[in-house]
Amino acid sequence: MSYMELKEITRHFGKVEALTGISLSVAKGELRAVIGPNGAGKTTLFNLISGAFPPTGGEIRFDGELINAQRAESRVRSGIVRTFQITEVFQELSVYENLRVAVETAAGLNSRPWISRGQRAAVRQRITSLMEATELVGMEERLVGELAHGDQRVVEVAIALSLDPKLLMLDEPTAGMGDKETENMVNLIRHLHKERGMTMLFIEHDMDLIFGVADRITVLDNGRFLAEGSPEEIANNEQVQAAYLGAAA
């Protein structure tokens, strides 16, 4: 049974068709990559799933529920959580404070004038759990703005995890990273997928990463569906090679 399903999704911006007739089905626990050349419609697809704007036509279903009309915040509460290509963290706060804000917001505590001792203990425990899961232990007091770019991206993933995602969407998680930072992010993605069974959908340009971690790959080209399959099937697909991978495939 599909966990997240798109049926014949279309999105127009004025006279421009950004996406045309896109159908996509993601199973629970699957790690799915979406690839395509610049302008293929990948970010538009993510914006539609996360609720930045509605589709012009077609259906989006999550966990069996039609969510076309759901606002972005409602989709977050339903479990659809997204990171962005440009890191979104509080640069002037420490790692711990970034996670504290995220955890308290997720728990609905950030608007209260005070919280109980038990609630504070639960927040601390949740922060510790997130830091352990993302290997941020030891960086608690570091200002996020002083961290390496790769570590900032990990903080962003930890913030996303504070929302208990059922579907975690990563928009170019290794963009701008060096080899070691990329390796760390890949290990984190594998951990979340393999050991925690998290359903994940990600956009990425690093072909080694895509073919090394994805269960299945969906390829877009000029706003249209081009191909879908296992990493091996996509690597051997002549249409994909011509449109995107080229000789590097």
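Show the residue pairs meeting these rules: Cβ distance below 6 Å; 6+ apart or different chains; first residue within segment 139-156 and within 15 Å of D171 (Cα to Cα); second residue surrounded by 14 or more Cβ atoms within 10 Å (Cβ to Cβ) and charged (D, E, K, R).
Matching pairs, first to second residue: G150/E181.
Please enumerate the residues belonging to segment 104-134 that are under 22 Å from D171 (Cα atoms) and either assigned by TED's automatic domain parsing to the domain that holds F46 or assigned to a helix (DSSP H, G or I) (or both).
Hits for segment 104-134 are A106, L130, M131, A133.
From the list G58, G51, which residue is small (G, A, S), over 15 Å from G223 (Cβ atoms) and not assigned by TED's automatic domain parsing to the domain that holds Q152?
G51
May I ask you to list the residues in segment 112-154 that are exposed (fewer than 15 other Cβ atoms within 10 Å of the Cβ) and on the phi > 0 side of the Ramachandran plot?
G138
Tell me whether segment 160-181 contains one or more residues that are in a strand (DSSP E or B) and free of Cβ contacts under 8 Å to residues at least 40 places away in the same chain.
Among the residues of segment 160-181, not one is in a strand (DSSP E or B) and free of Cβ contacts under 8 Å to residues at least 40 places away in the same chain, which makes the answer no.
Determine, yes or no, whether I210 is part of a helix (DSSP H, G or I), in the same structural domain as G36 (by TED's automatic domain parsing) and touching a Phe, Trp or Tyr at 6+ places or on another chain (Cβ under 8 Å).
Judged against the criteria, I210 is not a match.
Can you tell me how many residues within segment 65-87 are touching a residue at least 40 places away in the same chain (Cβ under 8 Å) and loosely packed, with under 12 Cβ neighbours inside 10 Å?
Matching residues across segment 65-87 total 0.
I'd like to check something: does segment 197-212 contain any residue that is under 24 Å from E5 (Cα atoms), in contact with a Gly (Cβ under 7 Å, 6 or more places away or on another chain), at pLDDT below 95 and not charged (D, E, K, R)?
yes
The values are calculated or read from the model by the stated rules, or taken from the named source; none is laboratory data. Computed from a predicted model, the values in this text were never measured in an experiment. Please note: Cβ atoms are built from the backbone with ideal geometry, for glycine as well, and neighbour counts cover all protein chains shown.
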